[in-house]
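Q: Please find one structure pasted underneath; my questions will follow.
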Amino acid sequence: MAFDRSIKIAPSILSADFADFGREIRAIEDQGADWVHVDVMDGHFVPNLTFGPPAVAAFRKHVKTVMDVHLMIAPVDPYIEAFAKAGADIITAHVEAGPHIHRTLQAIRATGKKAGVALNPGTPADSVAHLLDLADLICVMTVNPGFGGQKFIDMTGKVRQLRAMIGDRPVHIEIDGGVDPGTAPGLVAAGADVLVAGSAVFKGGSVERADVYGANIAAIRAAATGALAG
Ligand code: DX5
Ligand code: ZN
């Protein structure tokens, strides 16, 4: 995984058919997804439950691109090894999930995986100021985590601040929540390069109508790259 700041679209399989993940993953990748975003929820840090390591290991067999695993769990540290073994390429933990995010990022890197740190909408950019050399990705939440399909919360100012703080470091800025062709341009103009999208990618499509996924991904990408050109 060489670092670059090109726009990457990362569909969240939280909006996929839960009885058909293998085909759903292959469909979004065939239709232009750059990464596959996997939302892990524990019913404690967030008010919803999704997948554990065995499910993530099963997804891995179908992912040809990059498996981006977003842990919305607390505590995080006891599970890092299991998600690394499940085949995550990137493991992202929340800065709010415990008192030792610095240690958590060290532990993720110690597994040989890329380390991400996520910030809830109410958490300021400054909270990661001392983590920039330990992180490969900063995930700016633009909804309160827990569910797909929520209303976008504008975090453009935070993205701009983070982009300035990151400087020349090889650190991605990822946006998660309510990303669609309308919200993507402002975020990319502010410095984001990875766009997670659940409902905006899966809406109207299915594995039988995967062309709809392709059109949805293309629409987000066109809006995003348009912002860079402009
Ligand atoms: C929210 C998850 C997101 C979510 C995005 O807790 O982290 O990845 O699936 O879904 P949309 O794009 O529908 O807001
Ligand atoms: Zn997510």
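Q: Only one residue in ASP168, ASP180 is out of contact with any strand residue (DSSP E or B) (no Cβ under 9 Å at 6 or more places or on another chain) and either without any contact (Cβ under 8 Å) to a residue 12 or more places away in the chain or part of a loop (DSSP other than H, G, I, E, B) (or both), so which one is that?
A: The unique qualifying residue is ASP168.
Q: Let me ask something else. As an exercise: evaluate THR65 against (1) in contact with a helix residue (DSSP H, G or I) (Cβ under 9 Å, 6 or more places away or on another chain); (2) part of a helix (DSSP H, G or I); (3) more than 14 Å from ligand 2 (Cβ to nearest atom) and give the number of the one condition it does not meet.
A: Going through the list (1) in contact with a helix residue (DSSP H, G or I) (Cβ under 9 Å, 6 or more places away or on another chain); (2) part of a helix (DSSP H, G or I); (3) more than 14 Å from ligand 2 (Cβ to nearest atom), THR65 breaks only (2).
Q: Moving on to the next point. Sort out which residues of segment 98-131 are surrounded by fewer than 20 Cβ atoms within 10 Å (Cβ to Cβ), under 21 Å from PRO47 (Cα atoms) and either among the β-branched types (Val, Ile, Thr) or away from ligand 2 (no atom under 15 Å from the Cβ) (or both), and write them in order of number.
A: GLY98, PRO99, GLY122, THR123, listed by residue number.
Q: Could you identify the single residue in ILE7, ILE28 that is within 16 Å of the chain's Cα centre (by Cα), surrounded by 18 or more Cβ atoms within 10 Å (Cβ to Cβ) and under 23 Å from ARG209 (Cα atoms)?
A: Exactly one of ILE7, ILE28 is within 16 Å of the chain's Cα centre (by Cα), surrounded by 18 or more Cβ atoms within 10 Å (Cβ to Cβ) and under 23 Å from ARG209 (Cα atoms), namely ILE28.
Q: To continue, here is another question. All but one of (1) in contact with a helix residue (DSSP H, G or I) (Cβ under 8 Å, 6 or more places away or on another chain); (2) outside any helix (DSSP H, G or I); (3) away from ligand 1 (no atom under 12 Å from the Cβ); (4) without any contact (Cβ under 8 Å) to a residue 60 or more places away in the chain hold for ILE175, so report the exception by its number.
A: Evaluating ILE175 over (1) in contact with a helix residue (DSSP H, G or I) (Cβ under 8 Å, 6 or more places away or on another chain); (2) outside any helix (DSSP H, G or I); (3) away from ligand 1 (no atom under 12 Å from the Cβ); (4) without any contact (Cβ under 8 Å) to a residue 60 or more places away in the chain leaves (3) as the failure.
Q: Which residues, taken from segment 132-145, are over 18 Å from ALA2 (Cα atoms) and buried (at least 18 other Cβ atoms within 10 Å of the Cβ)?
A: CYS139, VAL140, MET141, THR142, VAL143, PRO145
Q: Same structure again: Identify the residue in segment 117-161 that is in a loop (DSSP other than H, G, I, E, B) and among the charged types (D, E, K, R) and, among all such residues, is nearest to ASP193 (Cα to Cα).
A: Per the stated criteria, the residue is ASP136.
Q: Considering every residue within segment 80-92, establish whether at least one is closer than 30 Å to GLY204 by Cβ, of a type in the set (D, E, K, R), surrounded by 20 or more Cβ atoms within 10 Å (Cβ to Cβ) and within 16 Å of ligand 2 (Cβ to nearest atom).
A: Checked segment 80-92: no residue is closer than 30 Å to GLY204 by Cβ, of a type in the set (D, E, K, R), surrounded by 20 or more Cβ atoms within 10 Å (Cβ to Cβ) and within 16 Å of ligand 2 (Cβ to nearest atom).
Q: Scan segment 189-218 residue by residue and report those that are of a type outside the set (Gly, Ala, Ser) and surrounded by 24 or more Cβ atoms within 10 Å (Cβ to Cβ).
A: VAL194, LEU195, VAL196, VAL201, PHE202, TYR213, ASN216
Q: While we're here: Please name all residue pairs, on different chains or six or more residues apart, with Cβ atoms under 8 Å, provided the first residue is in segment 13-32 and is on the phi > 0 side of the Ramachandran plot and the second residue is surrounded by fewer than 17 Cβ atoms within 10 Å (Cβ to Cβ).
A: These pairs meet every condition: GLY32/ALA218.
Q: Restricting attention to segment 97-116, which residues are in contact (Cβ under 8 Å) with a residue 40 or more places away in the chain and either in a strand (DSSP E or B) or not aliphatic (A, V, I, L, M) (or both)?
A: LYS114, GLY116
Q: What tally of residues in segment 124-148 results from selecting those that are more than 17 Å from the chain's Cα centre (by Cα) and either modelled with pLDDT under 95 or within 16 Å of ligand 1 (Cβ to nearest atom) (or both)?
A: Looking only at that region, the number is 0.
Q: Does PRO78 count as without any contact (Cβ under 8 Å) to a residue 24 or more places away in the chain, not in a strand (DSSP E or B) and not charged (D, E, K, R)?
A: Against the criterion (without any contact (Cβ under 8 Å) to a residue 24 or more places away in the chain, not in a strand (DSSP E or B) and not charged (D, E, K, R)), PRO78 qualifies.
The values are calculated or read from the model by the stated rules, or taken from the named source; none is laboratory data. Note that the structure is predicted; figures quoted are calculated from it, not measured. All Cβ positions, even for glycine, are placed from backbone atoms using ideal geometry, and neighbour counts span all protein chains on display.
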